[in-house]
Amino acid sequence: MNRASFALYLAVVAGIASCTNSTSPEASLIGNWSVSESLNIGHYTTQLTFAGDGTFTDAVRIFGAYPGQSNNDLSSYSIMSGTYKVDGDRLQTNITHTVVWDRFYGANSPETVQTVNITLFDQTHFRIVGPMLTLNYVSYPADAPVSTTKTFIRVE
């Protein structure tokens with residue numbers, strides 16, 4: 001094989017290799033993902049953090065929900081942490097620890113901390129396209145199962 005043919009061969013192999021996804025679904029999930037949404041009064045942010053050791057955190061913070069607060073004043077937060085497992089496009093989460101605080105009980109009110117054992121997202125499938133993580137799962141508002149989709153954006 002001459003040099004020109006060998007160079008062409010290497011270029012083709014490199015091109016094919018670049019088209020395959022060598023990153024596992026679990027590895028591509030690792031990092032911080034966030035979404036913000038407006039409420040009737042105020043807004044909230046949700047940040048999911050997936051670590052390489054199989055742990056994760058779901059932090060929800062609500063801002064400007066109480067009378068007299070500006071849109072940037074923290075009203076409450078809920079931080080859930082636990083473990084996760086990935087199997088293909090399936091995501092299984094287990095919450096083991098929760099921390100909740102609400103300004104409703106006063107600015108200096110204590111956090112409520114609990115050890116729990118619950119599933120955060122039930123029957124979850126996920127998809128990552130560019131900087132977006134989409135979760136499809138079953139939620140239970142009013143105790144009836146509802147197919148739910150939520151999209152997060154990667155935060156660096």
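Limiting things to C-alpha atoms, what are the Rg and the maximum Cα-Cα separation (Dmax) for region 33-154, in angstroms?
So, for region 33-154, Rg and Dmax equal 15.4, 47 Å respectively.
Probe 1.4 Å, all protein chains in place: accessible area of residue 126 in Å², nearest 10?
Approximately 20 Å² of residue 126 is accessible to the 1.4 Å probe.
Which shape class applies to region 72-138: rounded if a/c is under 1.5, otherwise prolate when a/b exceeds b/c and oblate if not, where a ≥ b ≥ c are the square roots of the Cα gyration tensor eigenvalues?
Oblate shape, in that a/c is at least 1.5 and b/c is the bigger or equal ratio.
How much of residue 43 can a 1.4 Å solvent probe reach, expressed as accessible area in Å² and rounded to 10?
For residue 43, the solvent-accessible surface is approximately 40 Å².
Report, to two decimal places, the Cα Rg of region 26-99 normalised by 2.2 N^0.38 Å (N = number of residues).
1.29
Could you tell me which of rounded, prolate or oblate describes region 107-156, using a ≥ b ≥ c as the square roots of the eigenvalues of the alpha-carbon gyration tensor, with rounded for a/c under 1.5 and, failing that, prolate when a/b is larger than b/c and oblate otherwise?
Verdict is oblate for region 107-156.
Given a 1.4 Å probe and the protein chains all in place, what does the accessible area of residue 127 round to, in Å² to the nearest 10?
Counting only protein heavy atoms, the figure is 130 Å².
What does the charge dipole of region 17-156 about its Cα centre add up to, to the nearest 20 debye, if the Cβ of each Lys and Arg holds +1 and the Cβ of each Asp and Glu holds -1?
It works out to roughly 160 debye.
The values are calculated or read from the model by the stated rules, or taken from the named source; none is laboratory data. Not measured: the values here are computed from a predicted model. Please note: Cβ atoms are built from the backbone with ideal geometry, for glycine as well, and neighbour counts cover all protein chains shown. Accessible surface is based on the protein model in full, side chains and every heavy atom, while ligands, DNA and RNA are left aside. Shrake-Rupley method; radii C 1.70, N 1.55, O 1.52, S 1.80 Å.
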